[in-house]
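The values are calculated or read from the model by the stated rules, or taken from the named source; none is laboratory data. Because the structure is a prediction, the values reported are computed rather than measured. Because the Cβ atoms are built from the backbone with ideal geometry, glycine has one as well, and the counts that use them run over all protein chains shown.
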Amino acid sequence: MENLLKDAQLLSAINYANWSLGLALLIIYTLIFQVLFRKFALVASNRDVFASNFMFFSVAIYLIITTIKSSLALSLGLVGALSIIRFRTAIKEPEQIIFLLALTAVAISLAAEQYIVSTISVLVFSIISATRNKFLSSKNRLHNDFLMITFSESDHQKAQNCIQTLSNFDEISSIHNYDFNSANQYRILFKLDNSNLEIVPKIHAAFQNNQISEPNIRISGGNA
């Protein structure tokens, strides 16, 4: 009976009109973040796949905050529960962390019914993202295209020789991101100065010369 009374008090403490408004705004703002990440983020990972998780992430944060803000006991219990959570996939790229932190801040502010603050924050973040991208492009600091190559090779020396050969191609400007895991899988993101399909056979030839299995090749626009 006592537990039922506590649950009833918790439910009555929630303003469902404000809760629904906050959730609706959160969905809209999360969609904006997805568009910003897909359009302006410069990461080696698949932007569409990563951005598709934004909605689950932001709604989860919103539900947690709206549930615990009316109960000190739940707040303390959450600290203990989160302390045992471990994530197998690390967030390695700073831009991914920035977007997740921004989503967390917006979700918390909406859960706290700070609608003006959250709206201004999303607006400012959007302006910064678009302005940064335009500024870098105008200063020729942002290349239009990227080349992502993924392959597996247990002989590290052969892999390094092949990567060095690729780096010397005239079309390639620099290595933007380099990743290697324990399964002997390499993922390298190159910046391209001149993007054209003629580089594809040159890449295959470099892998054949180093006796490495055929790579997975992807060329994409920096603003795509």
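Some observations on this one:
- Output for the stretch 149-175, where each listed residue is of a type in the set (Gly, Ala, Ser) and assigned to a helix (DSSP H, G or I): 159, 167
- Condition check for residue 16: at pLDDT 80 or above and assigned by TED's automatic domain parsing to the domain that holds residue 130: no
- Count of residues meeting criterion [among the aliphatic types (A, V, I, L, M), in a helix (DSSP H, G or I) and either under 20 Å from residue 19 (Cβ atoms) or at pLDDT below 55 (or both)] in the stretch 83-120: 9
- Positions within the stretch 193-209 being at pLDDT 75 or above and either in contact with a His (Cβ under 6 Å, 6 or more places away or on another chain) or within 18 Å of residue 176 (Cα to Cα) (or both), in sequence order: 199, 203
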